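**Student:** The following block contains the structure, expressed as structure tokens.
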Number of protein chains: 2
Amino acid sequence: MISQEKDSGNAATPDVPVSKSRAQPVTLREVAEAAGVSTATVSLVINKKKNARIAEQTRQRVKDAIRQLGYRPNAMAKTLVSGTSRFIGLVADGVATTPFAGQIIHGAQDEAWKHGYALLIANTEGNRDLETDAIAMMLEYKVRGILYSTWFHRPTAVPETLREADFVLVNCFSPEPGAARAVVPDEEQGGRSATEILLRGGHRRIAFINATTPAPARDGRLQGYKDALQAAGIPFDPELVLEAYPDQEGGYGATEELLKRNVAAVYCYNDRMAMGLYDGLRENGLSIPDDMAVVGFDNQEVIAAHLRPPLSTVSLPHYELGAAGVRMLLGLDEASTDAAVKIMCPAVERASVAVHSPA
Amino acid sequence: MISQEKDSGNAATPDVPVSKSRAQPVTLREVAEAAGVSTATVSLVINKKKNARIAEQTRQRVKDAIRQLGYRPNAMAKTLVSGTSRFIGLVADGVATTPFAGQIIHGAQDEAWKHGYALLIANTEGNRDLETDAIAMMLEYKVRGILYSTWFHRPTAVPETLREADFVLVNCFSPEPGAARAVVPDEEQGGRSATEILLRGGHRRIAFINATTPAPARDGRLQGYKDALQAAGIPFDPELVLEAYPDQEGGYGATEELLKRNVAAVYCYNDRMAMGLYDGLRENGLSIPDDMAVVGFDNQEVIAAHLRPPLSTVSLPHYELGAAGVRMLLGLDEASTDAAVKIMCPAVERASVAVHSPA
DNA sequence: TCGTGATGATCAAGCGTTTTAGCAATGTTT
DNA sequence: AAACATTGCTAAAACGCTTGATCATCACGA
């Protein structure tokens with residue numbers, strides 16, 4: 001025998017301004033009782049249903065009760081009914097490794113929030129098992145969809161379980177085309193833009209220090225360089241393309257070779273190389289941009305904006321990648337049919353390339 | 001009249017290897033039906049209840065059905081029953097601004113995961129309204145607790161609504177002591193460690209370029225510097241403390257003043273200043289560490305590890321802050337009674353200070 | 001033959017919402 | 001005054017799961 005405990009009205013201590021953490025949170029039913037209406041009515045008021053007919057007076061009574069009791073809807077219960085949550089999952093392989101992942105998160109979070117979704121994140125640091133668990137967790141929480149992101153642009157295998165949800169690859173793509181929606185940076189356009197900064201600086205003989213490490217960026221940025229030269233009517237000279245490991249050491253180490261090429265303009269695969277190159281050039285008594293104009297890639301704020309002189313570079317649009325990923329997931333952007341959607345890498349001009357004063 | 005649709009057994013298409021996204025996810029009941037048992041039994045099997053008595057045979061049948069159907073428990077339903085979710089909320093004021101916030105997220109996420117919790121993050125970028133909404137959302141999702149973090153160490157007002165949940169301040173603290181649990185970096189110890197690196201290098205006359213901007217870091221790092229000197233029996237000389245804006249420009253700009261002090265060792269408020277100082281010293285034809293030993297603070301990887309020479313510095317333990325915050329929230333660490341718990345800032349020695357060969 | 005104890009599984013209530021169908025008043029037409 | 005609309009609100013089922021109470025067997029002594 002269960003007694004329904006229905007001492008309606010006059011509760012014991014009704015008008016204490018509830019605010020500190022209670023053991024049992026206030027429920028819809030309590031609000032309903034306080035307002036002297038049914039839970040259905042309260043629900044209708046809360047959700048501002050269009051075709052719900054509620055007297056203005058009642059509506060007020062309910063609102064007062066809600067405020068009075070400090071009621072918070074239980075999102076879990078809501079979700080249970082509706083079947084799908086207001087979550088978007090984001091699995092990242094390297095939040096720790098770079099500031100980049102942070103930007104993806106940030107972009108995704110902003111965009112998700114804009115559409116009433118919250119971000120559920122999981123950092124896998126590349127660990128496959130963790131990844132599987134993370135995805136499982138997200139599936140169990142009935143996320144609206146999953147963003148699968150990598151900290152650097154690369155091809156990736158799509159984990160089996162990911163397919164149980166709606167998903168979008170961010171900053172990575174599936175090798176088999178058409179296998180997955182994806183959004184990636186437009187490396188070629190970026191390479192073109194980087195080169196164009198130097199072209200606009202009046203340079204015709206431009207070296208490119210590429211990375212030794214295979215990656216879409218390596219191919220794309222080179223292609224962009226070639227395209228920009230061609231568009232400017234400058235023949236491509238393989239002699240002017242060097243290669244080095246894409247970090248400070250690599251850039252520093254490439255200095256000597258670069259100087260042999262007798263150029264006054266160089267485009268580096270990334271900002272870190274440019275940073276190393278700065279040191280190398282300085283040691284050779286050369287000044288930037290007068291003796292050598294330098295352009296980087298990635299726009300790593302901490303580096304690029306604060307080198308002396310500040311480095312002209314091209315931005316990797318991580319924030320945009322995150323945001324675009326969310327939009328694509330929610331079907332707000334033009335869905336990609338076969339290939340990944342490419343996001344523009346905008347040029348950021350600073351002082352490492354002198355402005356051209358046409359002779 | 002609702003007909004219960006109970007065509008038990010022989011469903012239409014039972015043995016299709018389910019895997020691709022279905023409209024309606026598999027439920028407990030479906031598993032139960034497939035295994036020919038009650039939902040209670042399935043639940044017991046899934047949760048491996050200790051004192052549940054289930055025949056091994058039945059257990060297997062259930063497990064098979066689960067695998068067969070590709071069943072995923074609905075975490076929302078689970079949570080509804082249990083009353084509290086396996087979420088920990090993290091509100092951050094600046095994921096975008098620095099790589100630091102990323103580290104806090106990472107540490108929190110790892111530690112949370114370790115205890116079976118998932119991280120629900122919200123980036124407020126300092127916006128109070130967003131913050132309120134974010135906290136509300138977390139409360140509605142019945143998070144276990146909330147980590148409230150800032151991207152740089154500072155005092156902060158505790159938002160009213162935050163008190164509705166269990167919470168811990170991370171990298172910030174309430175001005176009124178005892179008002180909130182908090183975990184922050186140990187700036188004093190950090191300052192001591194930084195200074196000690198130089199002391200170990202054999203230096204006795206050590207300059208400190210402090211920040212002009214008021215902050216716990218400014219006071220703490222100075223105090224640590226004083227403490228280290230005192231411990232080494234070196235009188236504190238106010239002449240040796242300079243001040244500059246804590247960025248590259250500031251460090252660069254401080255070069256001249258520094259050189260007037262006739263010192264061969266300097267400890268900078270942060271790595272960015274050290275980076276600027278590197279440039280200034282170089283322009284004066286001075287070499288590091290021979291003419292000037294330099295120590296930074298923060299250990300911003302991209303900068304410190306890759307300057308030439310690599311910069312000795314002290315780490316801001318953001319990862320640990322996130323992890324410790326979670327532990328404190330879950331009551332696994334010694335709770336702070338009155339003051340914030342301080343996390344150690346470990347020294348990171350690189351080549352910007354020469355090793356001391358005692359004469 | 002009747003308790004008594006295990007053992008293996010089910011019943012059914014309940015978690016906090018949403019939502020559809022419907023009831024009881026009123027008001028409005030004829 | 002009968003018929004119909006409109007308004008304001010509620011009952012109750014449903015969402016997918018957990019869990020304490022209960023039940024049916026079967027085995028074992030006495």
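**Student:** State whether the residues of segment B:86-102 include one that is under 21 Å from A:LEU119 (Cβ atoms), surrounded by 18 or more Cβ atoms within 10 Å (Cβ to Cβ) and within 16 Å of DNA strand C (Cβ to nearest atom).
**Tutor:** So far as segment B:86-102 goes, yes, one or more of its residues are under 21 Å from A:LEU119 (Cβ atoms), surrounded by 18 or more Cβ atoms within 10 Å (Cβ to Cβ) and within 16 Å of DNA strand C (Cβ to nearest atom).
**Student:** Please tell me if A:HIS203 is in a strand (DSSP E or B) and more than 14 Å from every other protein chain (Cβ to nearest Cβ).
**Tutor:** Values: in a strand (DSSP E or B): no; more than 14 Å from every other protein chain (Cβ to nearest Cβ): yes.
No, not satisfied.
**Student:** Could you give every pair whose Cβ atoms fall below 8 Å, whose first residue belongs to segment B:327-342 and is among the hydrophobic types (A, V, I, L, M, F, W, C), and whose second residue is modelled with pLDDT of 90 or more and assigned to a helix (DSSP H, G or I), counting only separations of at least 6 or pairs across chains?
**Tutor:** These pairs meet every condition: B:ALA335/B:MET328; B:VAL341/B:ALA324; B:VAL341/B:MET328.
**Student:** Cβ-Cβ under 7 Å, sequence separation 6+ or interchain: first residue in segment A:76-90 and closer than 23 Å to A:ALA108 by Cα, partner near DNA strand D (Cβ under 8 Å from one of its atoms). Which pairs?
**Tutor:** Pairs that qualify, where the first residue is closer than 23 Å to A:ALA108 by Cα and the partner is near DNA strand D (Cβ under 8 Å from one of its atoms), are A:MET76/B:MET76; A:MET76/B:LEU80; A:THR79/B:MET76; A:SER85/B:MET76.
**Student:** Shifting gears a bit: Just need a number here: residues in segment B:80-98 that are away from DNA strand D (no atom under 16 Å from the Cβ) and at pLDDT 85 or above.
**Tutor:** Restricting attention to segment B:80-98, the residues satisfying the condition of being away from DNA strand D (no atom under 16 Å from the Cβ) are B:87-98.
Pick out the ones that are also at pLDDT 85 or above and you get B:87-93.
Within segment B:80-98, residues that are away from DNA strand D (no atom under 16 Å from the Cβ) and at pLDDT 85 or above number 7.
**Student:** For segment B:113-143, which residues satisfy the criterion of being in contact with a Lys or Arg (Cβ under 7 Å, 6 or more places away or on another chain), surrounded by fewer than 20 Cβ atoms within 10 Å (Cβ to Cβ) and not in a helix (DSSP H, G or I)? Talk me through it step by step, then tell me what you get.
**Tutor:** Here is the first cut: in segment B:113-143, the ones in contact with a Lys or Arg (Cβ under 7 Å, 6 or more places away or on another chain) are B:116-118, B:139-140.
From the residues that got through so far, the ones that are surrounded by fewer than 20 Cβ atoms within 10 Å (Cβ to Cβ) too are B:116, B:140.
B:GLY116 - this is the single residue of segment B:113-143 that is in contact with a Lys or Arg (Cβ under 7 Å, 6 or more places away or on another chain), surrounded by fewer than 20 Cβ atoms within 10 Å (Cβ to Cβ) and not in a helix (DSSP H, G or I).
**Student:** Identify, by number, the condition in (1) under 26 Å from the mean Cα position of the chain (by Cα); (2) buried (at least 20 other Cβ atoms within 10 Å of the Cβ); (3) outside any helix (DSSP H, G or I) that A:MET275 doesn't meet.
**Tutor:** Evaluating A:MET275 over (1) under 26 Å from the mean Cα position of the chain (by Cα); (2) buried (at least 20 other Cβ atoms within 10 Å of the Cβ); (3) outside any helix (DSSP H, G or I) leaves (3) as the failure.
**Student:** Residues A:ALA228, A:ALA254: which one is in contact (Cβ under 8 Å) with a residue 40 or more places away in the chain, in contact with a helix residue (DSSP H, G or I) (Cβ under 7 Å, 6 or more places away or on another chain) and not in a loop (DSSP other than H, G, I, E, B)? Please lay out each step first, then the result.
**Tutor:** Details: A:ALA228 fails: in contact (Cβ under 8 Å) with a residue 40 or more places away in the chain.
Exactly one of A:ALA228, A:ALA254 is in contact (Cβ under 8 Å) with a residue 40 or more places away in the chain, in contact with a helix residue (DSSP H, G or I) (Cβ under 7 Å, 6 or more places away or on another chain) and not in a loop (DSSP other than H, G, I, E, B), namely A:ALA254.
**Student:** When segment A:104-131 is examined, which residues are found to be free of Cβ contacts under 8 Å to residues at least 24 places away in the same chain and facing chain B (nearest Cβ under 9 Å)?
**Tutor:** A:TRP113, A:LEU130
**Student:** Please work out if A:LEU162 is modelled with pLDDT of 95 or more and within 14 Å of chain B (Cβ to nearest Cβ). Steps first, please.
**Tutor:** On the way: modelled with pLDDT of 95 or more: yes; within 14 Å of chain B (Cβ to nearest Cβ): yes.
Taking the combined requirement at face value, the residue satisfies it.
**Student:** Another question, if that's okay. Restricting attention to segment A:140-157, which residues are more than 21 Å from the chain's Cα centre (by Cα) and not hydroxyl-bearing (Ser, Thr, Tyr)?
**Tutor:** At the first step, the residues of segment A:140-157 found to be more than 21 Å from the chain's Cα centre (by Cα) are A:140-142.
Once the filter is applied, which keeps residues that are more than 21 Å from the chain's Cα centre (by Cα) and not hydroxyl-bearing (Ser, Thr, Tyr), segment A:140-157 yields A:GLU140, A:LYS142.
**Student:** Could I ask something else about it? Checking the condition within 21 Å of A:THR98 (Cα to Cα) and in a loop (DSSP other than H, G, I, E, B), which residue from A:LEU321, A:LEU307 passes? Outline the logic, then answer.
**Tutor:** Details: A:LEU321 fails: in a loop (DSSP other than H, G, I, E, B).
Unique residue meeting the criteria: A:LEU307.
**Student:** Let me ask something else about it. Among the listed residues B:VAL294, B:VAL326, which satisfies the condition of being outside any loop (DSSP other than H, G, I, E, B), among the β-branched types (Val, Ile, Thr), within 23 Å of A:PRO309 (Cα to Cα) and away from chain A (no Cβ under 13 Å)? Write out each step before concluding.
**Tutor:** Details: B:VAL326 fails: within 23 Å of A:PRO309 (Cα to Cα).
So the residue among B:VAL294, B:VAL326 that is outside any loop (DSSP other than H, G, I, E, B), among the β-branched types (Val, Ile, Thr), within 23 Å of A:PRO309 (Cα to Cα) and away from chain A (no Cβ under 13 Å) is B:VAL294.
**Student:** When B:GLY94 is evaluated against the numbered criteria (1) touching a Phe, Trp or Tyr at 6+ places or on another chain (Cβ under 7 Å); (2) within 7 Å of chain A (Cβ to nearest Cβ); (3) closer than 24 Å to B:ASN299 by Cβ; (4) without any contact (Cβ under 8 Å) to a residue 60 or more places away in the chain, which criterion, by number, is the only one it fails?
**Tutor:** (2)
**Student:** Among the residues of segment A:330-353, is any assigned to a helix (DSSP H, G or I) and either farther than 16 Å from A:CYS172 by Cα or away from chain B (no Cβ under 13 Å) (or both)?
**Tutor:** No, that holds for no residue.
**Student:** Out of segment A:44-62, which residues are surrounded by 13 or more Cβ atoms within 10 Å (Cβ to Cβ) and either near DNA strand C (Cβ under 10 Å from one of its atoms) or closer than 22 Å to A:GLN24 by Cβ (or both)?
**Tutor:** The answer is A:LEU44, A:VAL45, A:ILE46, A:ALA52, A:VAL62.
**Student:** Looking at (1) part of a helix (DSSP H, G or I); (2) crowded, with 22+ Cβ neighbours inside 10 Å, find the lone condition where B:LEU222 falls short.
**Tutor:** The failed condition is (2).
**Student:** Quick one: which residue in A:ALA101, A:ALA52, A:ALA77 is within 14 Å of DNA strand D (Cβ to nearest atom), among the small types (Gly, Ala, Ser) and at the interface with chain B (Cβ under 9 Å from one of its Cβ atoms)? Steps first, please.
**Tutor:** Numbers: A:ALA101 fails: within 14 Å of DNA strand D (Cβ to nearest atom); A:ALA52 fails: at the interface with chain B (Cβ under 9 Å from one of its Cβ atoms).
So the residue among A:ALA101, A:ALA52, A:ALA77 that is within 14 Å of DNA strand D (Cβ to nearest atom), among the small types (Gly, Ala, Ser) and at the interface with chain B (Cβ under 9 Å from one of its Cβ atoms) is A:ALA77.
**Student:** Inspect all residues belonging to segment A:89-108 and state whether any of them is β-branched (Val, Ile, Thr) and assigned to a strand (DSSP E or B). Break it down into steps so the answer makes sense when it comes.
**Tutor:** Taking segment A:89-108 first, the residues β-branched (Val, Ile, Thr) are A:91, A:95, A:97-98, A:104-105.
Next, only the ones that are assigned to a strand (DSSP E or B) stay: A:91.
Yes - at least one qualifying residue is present in segment A:89-108.
Every residue, every condition in (1) at pLDDT 90 or above; (2) buried (at least 18 other Cβ atoms within 10 Å of the Cβ); (3) not assigned by TED's automatic domain parsing to the domain that holds A:ARG181, yes or no:
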position: A:VAL302; (1), (2), (3): no, yes, yes
position: A:ARG308; (1), (2), (3): no, yes, yes
position: A:SER312; (1), (2), (3): yes, yes, yes
position: A:ALA324; (1), (2), (3): yes, yes, no
position: A:LEU329; (1), (2), (3): yes, yes, no
position: A:LEU332; (1), (2), (3): yes, no, no
position: A:THR337; (1), (2), (3): no, no, no
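The values are calculated or read from the model by the stated rules, or taken from the named source; none is laboratory data. A quick note: this is a predicted structure, and the numbers were derived from the prediction, not measured. Cβ coordinates were reconstructed from backbone atoms using ideal geometry, including for glycine residues, and neighbour counts include every protein chain displayed.
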